[in-house]
1. Do any helices (runs of 4 or more DSSP H) entirely within region A:292-380 hold 3 or more residues that are modelled with pLDDT of 90 or more and of a type in the set (Val, Ile, Thr), and if so, which?
2. Looking only at region A:341-355, count how many residues are facing chain B (nearest Cβ under 7 Å) and under 21 Å from the mean Cα position of the chain (by Cα).
3. Can you tell me how many residues within region B:49-77 are part of a loop (DSSP other than H, G, I, E, B) and surrounded by 17 or more Cβ atoms within 10 Å (Cβ to Cβ)?
4. Restricting to region C:56-84, count the residues that are surrounded by 17 or more Cβ atoms within 10 Å (Cβ to Cβ) and not in a helix (DSSP H, G or I).
5. If only one of A:Arg382, A:Arg406, A:Arg358, A:Arg338 is under 22 Å from A:Leu452 (Cα atoms) and facing another protein chain (nearest Cβ under 9 Å), which one is it?
6. For region B:285-323, give me each residue that is surrounded by fewer than 23 Cβ atoms within 10 Å (Cβ to Cβ) and of a type in the set (S, T, N, Q).
7. Out of A:Ala57, A:Ala65, A:Ala20, A:Ala50, I need the residue that is more than 24 Å from A:Pro239 (Cα to Cα) and part of a loop (DSSP other than H, G, I, E, B). Which one?
8. Just give me the residues in region B:163-201 being touching a residue at least 40 places away in the same chain (Cβ under 8 Å), open to solvent by less than 40 Å² (accessible area, probe 1.4 Å) and closer than 30 Å to B:Arg148 by Cα, in sequence order.
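The values are calculated or read from the model by the stated rules, or taken from the named source; none is laboratory data. Because the structure is predicted, anything quoted here is derived from the model rather than measured. Here the Cβ positions follow ideal geometry from the backbone for every residue, glycine too, while neighbour counts run over all protein chains shown. Please note that ligands, DNA and RNA were not included when accessible areas were found on the heavy atoms of the full protein model with its side chains. Shrake-Rupley method; radii C 1.70, N 1.55, O 1.52, S 1.80 Å.
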Amino acid sequence: MSEPLFAIDDLSVEYAAGTAVVGVSLRVDAGEAVAVVGESGSGKSQTLLAALGLLDAGARVMGSARFGDQQLIGAPRATLDRLRGDRITFVFQEPMTALDPLVRVGAQIAAPISAHGGAAAKARARALLEEVGIAGGAGRAGAYPHQLSGGERQRVMIAMALANRPDLLIADEPTTALDATVQKRILDALEERRRALGLAMILVTHDLRLARRYAARVYVMRAGRVVEEGATAAVFAAPREAYTRGLIEAAPPRAAAGRDEQAPEVLACDDLRVSYERKSAVQGVSMALRRGRTLAVVGESGSGKSTLARALLRLQPAQGDIRWLGRSVSRLEGAALREARRAVQIVFQDPFAALSPRFSIDDIVVEGLRAQGRLSAGAARRALEAVGLDPAFGAREPDASSGGQRQRVAIARALAVEPAVIALDEPTSSLDRAVQRDILELLARLQAERGLAYLFITHDLGLARAFADDVIVLKEGRVVERGAAAEVFARPAEVYTRELIEAADLGP
Amino acid sequence: MNFARRLGVVLLAMVAIFCIAGPLATGREFSVVYPDYVRAAPSLRPHPTAPEARAALSRVAGRMRVQASDISIADGMASARLSADIPVDLRALVYFARSDAFGPAKVLESRAQGREIEVAAPLKRLWLPLGADPNGRDLLARLMLAGRVSLLVGVLGSAVALGFGVAYGMIAGYAGGKTDLVMMRAVDALYALPFIFFVILLTAFFGRRFVLLFVAIGAVEWLDMARLARGQTLSLKSREFVLAARSLGVGPAAILARHIAPNIAGLVFAYLAVLAPRVILVESFLSFLGLGVREPLTSLGVLVAEGARHLQDAPWLLIAPAALLMLLLYGFAFIGEDSATRGRLR
Amino acid sequence: MRRMILIRALTAIPTLLVILALSFALMRLAPGGPFDAERPLDPAALATLRRVYDLDAPLWRQFLDYLSALAHGDLGPSLAWRDYSVAELLGQALPFSAALGASALAIALPLGAGAGLLAAARAGSALDYVILVIASLGITTPSFVLGPVLQFVFGLRLKWLPVGGAGGLAHYVLPVAVLAAPLVAAVARLTRSAAMEALAAPSQRTALAYGLPERVRLARAFRFAALPLVSYLGPAAVSVMTGSVVVETLFGLPGVGRYFVQGALDRDYTVSLGVVLLAAGAIVLVNLLVDIAYAFVDPRVRP
């Protein structure tokens, strides 16, 4: 085996509160692209930050990290400063905070060039802006980070990383904060520059699909250890660990099939418009959801999907006609509105934010019944049993339960008032894979048992395809495409939909 | 910072116990005047001291219109020979008991047809550990009273500011839209009011009334509270658990009471540690300028001002109240420091 | 930017009007008047005085008259200091207070910022702890306690400095020190926490990851740290320069604060209103200047 470009050997990171990384080893050869994959908290970022001496003073780092002949762990600051930003560069996850908000981007790109003795730093910075494909190119050198879009900021970060033609580029979740379509364009651009310059890359990501597309080898990390490693194709073809298999299996089994297309309308709107702070978030959306069916609303963040859901539930001021159970509710106010509300309920993405922190689970579950004066003995028990929770659980406080349990509580709370419609606003996005599937199965069962209609808000096209009967594609507050889910995913009519599907990398 | 917090709590508890339980221990009235001990220096020994007793005895003799000689002070008794040109009027001996220094006097011996008598009187023992003020009142008792007044002002003033500010802020934040805009514009405008001047105007023009003090202080301090409560409400209002409650049909009053108020409470009470000392400080400041509480009540600001006036001849009059005020303020500061670092208050 | 200044200047006028109206109402609804001496004047003389100073007209009339005079730059005559106009009194007092406050600021800013940066650079050390404790004491100690204590130590015991009155330079050492002490403490604490926050920002980690020299990193951190300082200094400058009531009372100095307290006690309506207007105007003006300075440092808030 040839001498690696960069090798981490038996690296551990300890904090006063506990151990973050345990005996991790990995290597990268010159010009090679390697991915480090794992869920958040698996220690993947910590490993690389530790190797480069970028952790806070509270961390204790042991083991070895070598760049060529140079040992980095415990190396003097001057040695590290010579390598960092010149031979090894870093692309961070959040370009908004990683870049200095008070310094023009051109100057930020130029700084590492002049710091490492490069000439004509300013001109070079402008050239780099062109190179990474920022719209407006060199002309944007005078802009401040907040004047750029998220994708453009990350391109600035990449320009900084490429500025001194490094040997190794470490990209730590470089596109997690970005939309799917932007994500693909940025990574494609990065990959193109990487090949052109022949540099090695370590891609740190929670997303195995990205690893498959951009890395030749992959390390899978869990709870601070490397649990599996190998050529990407081999790991994907035959994952050894159950954990890795869980990460790879994307969408749950298809749940929707052959439900009544002529059932009565339970939630509908005409020409719905929402604007706040002088920006319009939803611009004239019409839709209808029928009893027992699931309508998915897909789109990137900022496309107005969540706003649409909140407006439909009269939780957000809006113009246009809204109908619950066929009755127009746009003009209802006060007690009459509160009375009507039981027909449509909502379950949110973040089960930690969705439950009032000071209530017991029982109190949370029956809150709607209490507000409507319909509270009866045993209501909490029945509601908890319906979502597969032990009734004894009701005496607890939400803080003492897991994300999956909390999400069940949120569903129980919505179910308790016997609604016809539940809006599911990214209901599984913040849950681990295995828990995600349990929740989706629960939702499918409840739908079959009770004839519920779901308005399913998601950015995950895989989920939408598996779960929905119909789909609406939203872009900048407008519907760009709609139809039966099977039809839309198989034969998207719009370019934008095609891009979304492509970026989502749904596979066969 | 947990250490600072505990230190602060201990300091405050000490000050509170001193001011509230102290009077029970000393059993001393704060308004009693001891003319014999005007501006007495602090001392751990009981009054009267031998020289004070001699001086007091001479004064009593003067009042009785007799001459005193052979004054001796020993074993808690004072004895002297009183003589005059006419027989001494024994009824005048009540002057002994009326003074701050002696108990009732007894005649031991009478000579020369009562023109010369030997009398003895027990010494009254009086401890003035912090000395006496320029009116001859026990500074310790005054100090305890001042501490109680300052604590009371701190509690009530904060309660006024807190109650009004939180209610105002929560309503503005939850109502949102135009209501919020108008309500908060009013707050912004009031911020431009030079408050110290405003409070001085209020108290100077309407006189020194205790209630007015709270109004003035509450009027100054509720603005921050309103902003804090409004900001919190605004962010809580769009949180998922509030939206969920709304969609369940829970009414606005119940949402404010059950979901929003409990979640603001922690921050509000943490802010109390910042607010209370500010209120105490405003009161002391007004009292210092002579616009605060009135005699016979007193407050730490009044005592500090009085001490500042007698710096030259009686510096202890400044030291004791200044020290108590500082202990009180430091106690709050230590607690507030901790809440400020945790709650990110600005 | 120009638009912002214009809008702010225009909104300042109603704000000041409201404040004037509020103060005017407050004073005039209170019992008593400027000519209630201990020995009542004879009714005829009182009536003449009230007519001369136009106190008989309906209140709204008087307020409008005051405003129209104000529009011509006339703050009216003082009611207590006869033969003086309010403008004359403030003309004497303001430069005095302003000079006092400016000296305090000029001392406090470098001293406080220096101590704060030192503490931030040595965070967690004994030096940091000492600076933090002194700053906490400085912020908490009210000037009406610090003042007499300094007077006692340096004036009466050591006899180094005069304890009061206007006069030579030595007369102003103690007043300026008392004014500056809480400012030094507040600036030090603010600078320390702002600098530490700036050094812990993710962009500082980026600078570290790119091997930028210490000099560049500190310069960037300092700019970050300047933001809260800018917003603090505005109001602080106003409050020390429009006359510190306590310091002027304590040291017997003829500044704005002293005139104000005396004016309020004497029911001198015009002097009181004049000072309120001056202070409110200064706050409005300084807030505008702070916003401009802020926009200068932070591109994110530029309109």
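1. none
2. Qualifying residue count, region A:341-355: 5.
3. Adding up the residues that qualify gives 1.
4. Number satisfying all stated conditions: 7.
5. After applying the criteria, what remains is A:Arg338.
6. The answer is B:Gln312, and nothing else.
7. Going through A:Ala57, A:Ala65, A:Ala20, A:Ala50 in turn, just one is more than 24 Å from A:Pro239 (Cα to Cα) and part of a loop (DSSP other than H, G, I, E, B): A:Ala57.
8. Listed by number, the residues that qualify are B:Gly165, B:Val166, B:Val199, B:Ile200.
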